[in-house]
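Here's the structure, in structure tokens; my notes come after.
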Number of protein chains: 2
Amino acid sequence: MKQRLSEARVARLATVDAGGKPHVVPVTFAIDGDTLFFAVDAKPKRTNELKRLRNIAANPAVSVLVDHYDEEWSRLWWVRVDGTARIISDQAEADRAIDLLVNRYPQYRRERPQGPAVAISIDRISAWSPG
Amino acid sequence: MKQRLSEARVARLATVDAGGKPHVVPVTFAIDGDTLFFAVDAKPKRTNELKRLRNIAANPAVSVLVDHYDEEWSRLWWVRVDGTARIISDQAEADRAIDLLVNRYPQYRRERPQGPAVAISIDRISAWSPG
């Protein structure tokens with residue numbers, strides 16, 4: 001379960017806005033101990049990037065899903081992290097989080113994420129696979 | 001955008017519980033016009049299946065994501081549906097929704113989903129791809 005989570009290349013992050021509406025986007029991520037990190041990348045800040053940060057500022061509860069789809073449904077699986085998110089304000093901590101992401105994704109070596117970075121404290125991990 | 005959405009085999013459904021916490025799970029789905037359908041399948045009802053239905057009963061706002069991950073990041077894309085969900089109470093309507101799912105997924109022909117079925121009225125479609 002932890003291995004599937006830590007090896008996945010993409011996750012889907014669900015946040016909730018101040019009005020109680022959910023928002024779901026794909027995110028690249030890195031895990032260190034009981035914390036999952038993601039960051040806003042270096043591209044011009046898109047509405048969508050900011051939306052996830054606004055949501056976290058309004059409501060820190062997040063749900064992060066890693067899943068595998070296969071037409072052979074006996075091979076389906078997913079792992080979900082429910083956690084509490086915090087936009088990292090300390091620059092040294094943000095740098096460490098972004099280092100983790102750059103280490104995992106060679107793509108980020110070309111263009112290092114600018115941040116902000118977000119730390120999700122993992123409250124619960126759930127998993128499912130058939131049978 | 002609509003084509004990527006309608007051709008995708010799996011989506012991730014984000015719902016929000018009565019306490020404002022998000023919940024995200026993979027779902028199979030079918031689209032008919034401006035409505036996206038999914039159903040609880042025939043397996044013994046799992047906590048997780050019920051959780052998404054409880055959340056929708058408490059808060060009908062949902063967000064549904066279809067995305068493509070590729071190590072070549074210029075090929076990334078996602079399409080998101082924000083909508084309003086309703087658990088279908090009319091049996092004939094539920095049968096039609098489940099027929100749509102069975103038509104899309106040969107896997108369901110072996111074991112037809114029992115339901116309940118959920119109709120998500122599509123309020124907005126957003127999409128992203130690089131550049």
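What follows draws every value from the coordinates through simple rules; no lab data is involved. None of these values were measured; they are calculated from a predicted model. Using ideal geometry, Cβ is built from the backbone for each residue, glycine included, and neighbour counts are taken over all protein chains shown.
For the reader, a short list of remarks on this structure follows.
- Range in chain B, longest, excluding exposed GluC sites (Glu not before Pro) [loop by DSSP; at most 14 other beta-carbon atoms within 10 Å]: B:1-70
- Distances between copies at A:W73, taken between label points 7 Å from Cα along the C-beta direction, are 3.6 nm in increasing order.
- Position A:S121: other-copy label points at 4.0 nm, ordered by increasing distance, label point 7 Å along Cα→C-beta.
- Whole-number D in µm² s⁻¹ for the protein assembly as shown, Kirkwood Cα-pair radius fed into Stokes-Einstein, 4 °C, 1.567 mPa s: 69
- A cut-off of 5 Å between modelled amide H atoms, ignoring neighbours fewer than 5 places along the same chain, links A:A127 with A:R80.
- With the label put 7 angstrom out from Cα along the Cα-to-Cβ vector, A:R110 ends up 4.1 nm from the copy partners, going from closest to farthest.
- Peptide A:8-20 - average C-beta neighbours from other chains (10 Å radius): 5
- The range B:2-128: radius of gyration over Cα atoms, expressed as a fraction of 2.2 N^0.38 Å: 1.04
- Short-range pairs are left out: with C-alpha atoms under 8 Å and at least six residues apart, the relative contact order of the range A:2-128 is 30 percent.
- Max mean-square fluctuation residue, GNM over chain A, Cα-Cα springs under 10 Å, options A:D34, A:D67, A:D95: A:D34
- Inter-part distance, the range A:21-97 to the range B:84-131, computed on C-alpha centroids, equals 26 Å.
- For chain B, modelled as a GNM whose springs connect Cα atoms under 10 angstrom apart, the maximal fluctuation among B:D99, B:D70, B:D90 occurs at B:D70.
- Counts of other chain beta carbons within 10 angstrom of each beta carbon in peptide A:72-80 average 3.
- Dimensionless Rg/Rh of the range B:1-71 - Kirkwood Rh, Rg from C-alpha atoms: 0.99
- Close Lys pairs in the protein assembly as shown (alpha-carbon distance under 16 Å; sequence gap of 8 or more, or different chains): 5.
- For B:86-92, mean number of other protein chain Cβ atoms within 10 Å: 0
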